[in-house]
Amino acid sequence: MATSSEFKIIGVGEQSGGKFQNVRISGLGSVAGDIEAEKVLVEGSGSFKGNVKTGQLIGKGNISIDNNLDADLVENYGNCSVQGVSRVRELVNKGKLSFKQTLKSDQITSYGHIAVEGDVEAEGFISEGAFKINGLLNANRIDIKVSGLCSVKEIGGEEINVTLSNRVPLKIDFLNKLLPVLEKKLQVTSIEGNQIYLENTEAGVVRGHDVRIGPNCRIKLVEYTGELSVDMNATVEHRSRA
């Protein structure tokens, strides 16, 4: 398939798909087939009916992808939803993201909201916002600064840090409209890692080598092989040294 230099939709338009260097949608645009491009920029509303493969996807409006996403870099400042499997080398989110299947990435950094129906696999996961993950969050290093309600079925990693965000809410802050700010906590069934520090966390089971339970935690069971410390403002129902 030949590669065209670029295509633009300014206003309302539709494209059948293909290979391009640059894709820009500044109005209401729809792409009916698979698309491959070095860069995709959506400043209005872009609907992609096929697979999207790109070096860089920048969303400043509304993006919907009906199939799979394969990208080196995704920067999202608006709303983006993906129905298929997502493989993103680096993901930066300052808006609202929704993934209906598995999300795989080298590095995820989010200051907004992420919803994932499946699992999340990454080397690094940084969140200072809110998220809902119905499956497993698995990353080598996990750093969660809770500024909204965060929920995930299971967490697995080498180093896991969960702290309360000190970001000052602003009435004019667009992100605050995206975050469920009434509850600032992490809800999780189980956490397993090597070095674990938790604040504002409700968990069933926490397993690790060195485990520190900070303030505002409610944990049913902690299993540890190294050191355990529990803050006076935390509740641990049962603790067991393996």
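The values are calculated or read from the model by the stated rules, or taken from the named source; none is laboratory data. On a predicted model such as this, the values are computed, not experimentally measured, just so you know. FYI the Cβ positions are ideal-geometry reconstructions off the backbone, even for glycines, and counts take in every protein chain you see.
Structure notes:
- Positions within segment 42-73 being within 20 Å of G13 (Cα to Cα) and out of contact with any Gly (no Cβ under 8 Å at 6 or more places or on another chain), in sequence order: F48, V52, L57, I58
- Per-region count, segment 24-43, residues crowded, with 19+ Cβ neighbours inside 10 Å and closer than 16 Å to G78 by Cβ: 6
- Selection within segment 181-203: residues that are among the aliphatic types (A, V, I, L, M) and in contact (Cβ under 8 Å) with a residue 24 or more places away in the chain. The member of this set that is nearest to I133 (Cα to Cα) is V188.
- Enumeration of residues in segment 65-93 that are more than 12 Å from L103 (Cα to Cα) and touching a Lys or Arg at 6+ places or on another chain (Cβ under 6 Å): D66, D72, Y77, G78, N79
- Looking only at segment 200-242, and only at residues there that are among the small types (G, A, S) and modelled with pLDDT of 95 or more, the one that is surrounded by the most Cβ atoms within 10 Å (Cβ to Cβ): G208
- Residues satisfying the criterion are present in segment 211-231 (criterion: in a strand (DSSP E or B), of a type in the set (S, T, Y), over 20 Å from K132 (Cα atoms) and in contact with a Lys or Arg (Cβ under 8 Å, 6 or more places away or on another chain)).
- Annotation note: Cβ proximity below 9 Å between a residue of segment 96-123 that is in contact (Cβ under 8 Å) with a residue 12 or more places away in the chain and part of a loop (DSSP other than H, G, I, E, B) and a residue that is among the polar types (S, T, N, Q) and buried (at least 21 other Cβ atoms within 10 Å of the Cβ) (sequence gap 6+ or interchain) occurs for Q101/S86; T102/S86; Y111/N93; Y111/S127; Y111/S147; G112/N76; G112/N93.
- Residues within segment 117-128 that are touching a Leu at 6+ places or on another chain (Cβ under 6 Å) and crowded, with 23+ Cβ neighbours inside 10 Å, tallied: 1
- With respect to the conditions (1) assigned to a strand (DSSP E or B); (2) within 17 Å of the chain's Cα centre (by Cα), E36 lacks only one, and its number is (2).
- Across segment 104-121, the qualifying residues are those that are within 17 Å of S151 (Cα to Cα) and among the small types (G, A, S), and the one among them that is farthest from the chain's Cα centre (by Cα) is G118.
- Segment 76-95, residues that are part of a loop (DSSP other than H, G, I, E, B) and surrounded by fewer than 23 Cβ atoms within 10 Å (Cβ to Cβ): Y77, G78, Q83, G84, V85, K94
- Within segment 1-23, restricting attention to residues that are surrounded by 15 or more Cβ atoms within 10 Å (Cβ to Cβ) and aliphatic (A, V, I, L, M), the residue that is nearest to L69 (Cα to Cα) is V23.
- Among the residues making up segment 124-158, a single one is in a strand (DSSP E or B), at pLDDT below 95 and under 10 Å from the mean Cα position of the chain (by Cα): A130.
- Residue within segment 112-127 that is over 22 Å from S190 (Cβ atoms) and out of contact with any Ser or Thr (no Cβ under 6 Å at 6 or more places or on another chain) present: yes
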